[in-house]
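Accompanying notes for the structure given below.
The values are calculated or read from the model by the stated rules, or taken from the named source; none is laboratory data. Computed from a prediction, not measured in an experiment: that's the story for all the values here. Heads up, the Cβs are rebuilt from the backbone with ideal geometry, glycines too, and the neighbour counts pull from every protein chain shown. Protein only, heavy atoms only, side chains kept; ligands, DNA and RNA dropped before computing areas. Shrake-Rupley method; radii C 1.70, N 1.55, O 1.52, S 1.80 Å.
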Amino acid sequence: MNDDIVTYYPVLIPTLNRYEHFKRCVESLQNNTHANETELIIGIDYPPSNKYYEGWKRIIEYSKTINGFKKVTIIKRKKNIGPAKNSESLKRYALKKYDAYIVTDDDNVFSPNFLDYVDKGLTLYKNDKSILAICGYMSPIHFENIERDKTTYVKLQEFHTWGYGRWKDREEELNSIPYKYMEYICRRRTDLVKLHKYQRNLYQLIFWPLFFPRLNGKCDFALSCYCKLNNRFTINPVHSLVRNTGSDGSGVNTPRIMDGRMTQVISDESFFIYKNNLTDLEMKKIMDRVDDWKNHDPMEVPSHLPWRLMTELFYISLMVFGFDITIVIYKLLRKMYRLLLWVFNKSNDY
């Protein structure tokens, strides 16, 4: 692709107090091709309590020294608005000037060709309404060499939010769906039937909002379900251009899972070449391989049989009794479980 026709879109980073993560993220972007053509927009939330103050102060001071970009815009919140509102506010700010944006959490580290990849992708697929986003992350999946020779990227019905680019019209499309989208699907039996064959999506759909209510919005799990239900896709590199370091327990959404994500090998190339010579069958095999890997990833879905049975039981309950009664059943089961634990602990005291 001729760089002369590529638009260089802004990078948005919402942050609060994770200074070391934020610094690594910014430095990796500074080393990107086209950084000097890119506006960096940082939204620094206000500390909700004193324990966040030291990291917040360090980020404030460090932000004043950031260079290497076409422009650095710093937005300091006067009160705490939380990570979701901080991110959404940055998107609205960027879309007043641009027709697309690139957004990342502050715990991602990028390959030198990440911006080249996303900017080119946003240009290539701007008019393809079936593509919701250009995502920079790929799970640590082994692909055969022949596949790497044939393609540098794939279309998936997954939404990886660890560094992605999205257009204004696709933003408007997703804004039109209910905010509590996972709950919305759980109330729609026809959608549940369609997702039944995707056990990982079904597990996430049912249990993640229960365990982590703040995720009962348009998180990556919800948007992956949206892709499958509405025949939408994302563009993803075969070799990941993003390493996420947030599974160290420092973030609000990702649990502490010190696994290969922390040290995942990412591309060291300076430019990204869009190449795809796969047949439809080969592309389908890659999509199935990604699904299979995620079905055995402990962060995506527990592989133990009890969880798989629980997912099926809740699915049946949602289909037979509906969402509201299923939630009542869930709460009763939790109370019974806690009561049994209490009785068991008491019996052991004697």
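Tell me the net charge near Cys135. Cut-off is 11 Å between Cβ atoms, Cys135 excluded, with +1 for each Lys or Arg and -1 for each Asp or Glu.
0
With each run of n ≥ 4 DSSP H residues scored as -39500 (n - 2.57), what mean residue ellipticity at 222 nm is computed for the chain after dividing by its residue count and rounding to the nearest 500 deg cm²/dmol?
-14000 deg cm²/dmol
Whenever you get a sec, compute what percent of the accessible area on the chain sits on carbon and sulfur atoms (1.4 Å probe).
Solvent-exposed carbon and sulfur of the chain make up 55 percent of the total.
So what is the relative contact order of the chain, in percent, for Cα pairs below 8 Å that sit 6 or more residues apart?
Result for the chain is 19 percent.
Per residue, how much accessible surface does the chain expose to a 1.4 Å probe? Answer in Å², no decimals.
50 Å²
Compute the helix-to-body angle for 19-30: its Cα long axis versus the longest principal axis of the chain, expressed 0 to 90° and rounded to tens.
40 degrees
Set the bar at 25 Å for Cα to Cα. Now go through Lys76/Lys97; Lys76/Lys126; Lys155/Lys218; Lys96/Lys155 and name every pair that lies beyond it.
Lys76/Lys126; Lys96/Lys155
On a full-extension model of 0.36 nm per residue, what is the gain between Lys126 and Asn50, subtracting their alpha-carbon distance, rounded to one decimal in nm?
23.0 nm
Would you mind calculating the gained length between Leu332 and Tyr184 on full extension (0.36 nm times residue separation, minus the Cα-Cα distance), in nm to one decimal?
51.1 nm
For the chain, give the share of DSSP beta bridges that are antiparallel, in percent and rounded to the nearest 5; count only bridges with both residues there.
Just about 45 percent of them are antiparallel.
In region 50-139, what chymotrypsin sites (Phe, Trp or Tyr not before Pro) fall in a loop by DSSP, with at most 12 other Cβ atoms inside 10 Å?
none
Give me the extension gain from Glu269 to Glu173: residue separation times 0.36 nm, minus the current Cα-Cα distance, reported in nm with one decimal.
Net length gain for the segment: 31.2 nm.
Cα centroid distance between region 37-103 and region 210-236, in Å?
If you average the Cα positions of each part, the centres end up 24 Å apart.
Rank-order 318-326, 335-343, 225-233 by packing density, defined as the average count of other C-beta atoms within 10 Å over each peptide's residues, highest first.
Taking the mean over residues of other Cβ atoms within 10 Å, the ranking is 225-233, 318-326, 335-343.
Calculated FRET efficiency, Asn31 and Arg58, Cβ-Cβ r, R0 25 Å, to nearest 0.05?
Step by step, r from the Cβ atoms, then E = 0.75.
Among Leu16, Ser267, Leu278, flag the residue with its Cα farthest along the positive direction of the charge dipole of the chain, charges on Cβ as +1 for Lys/Arg and -1 for Asp/Glu.
Selected residue: Leu16.
Using the Karplus equation 6.51 cos²θ - 1.76 cosθ + 1.60 (θ = phi - 60°), what ³J(HN,Hα) coupling, rounded to whole Hz, does each residue of region 67-83 give in order, writing x for Gly and Pro?
Calculated HN-Hα couplings, in order: 9, x, 10, 4, 7, 10, 10, 10, 10, 9, 6, 8, 8, 6, 10, x, x Hz.
What distance in nm separates the two pseudo spin-label positions at Leu281 and His296, each 7 Å out from Cα along the beta-carbon direction?
2.4 nm
Where the only charges are on Cβ atoms (+1 Lys, Arg; -1 Asp, Glu), what is the dipole of region 82-199 about its Cα centre, to the nearest 20 debye?
560 debye
Once mean projected area of the Cα convex hull in nm² is worked out from the coordinates, which option in (1) 19.2; (2) 18.0; (3) 20.1 does it equal?
Among (1) 19.2; (2) 18.0; (3) 20.1, the one calculated here is (3).
At what distance in nm do the modelled label points of Lys197 and Leu341 sit from each other, each positioned 7 Å from its Cα along Cα→Cβ?
3.8 nm
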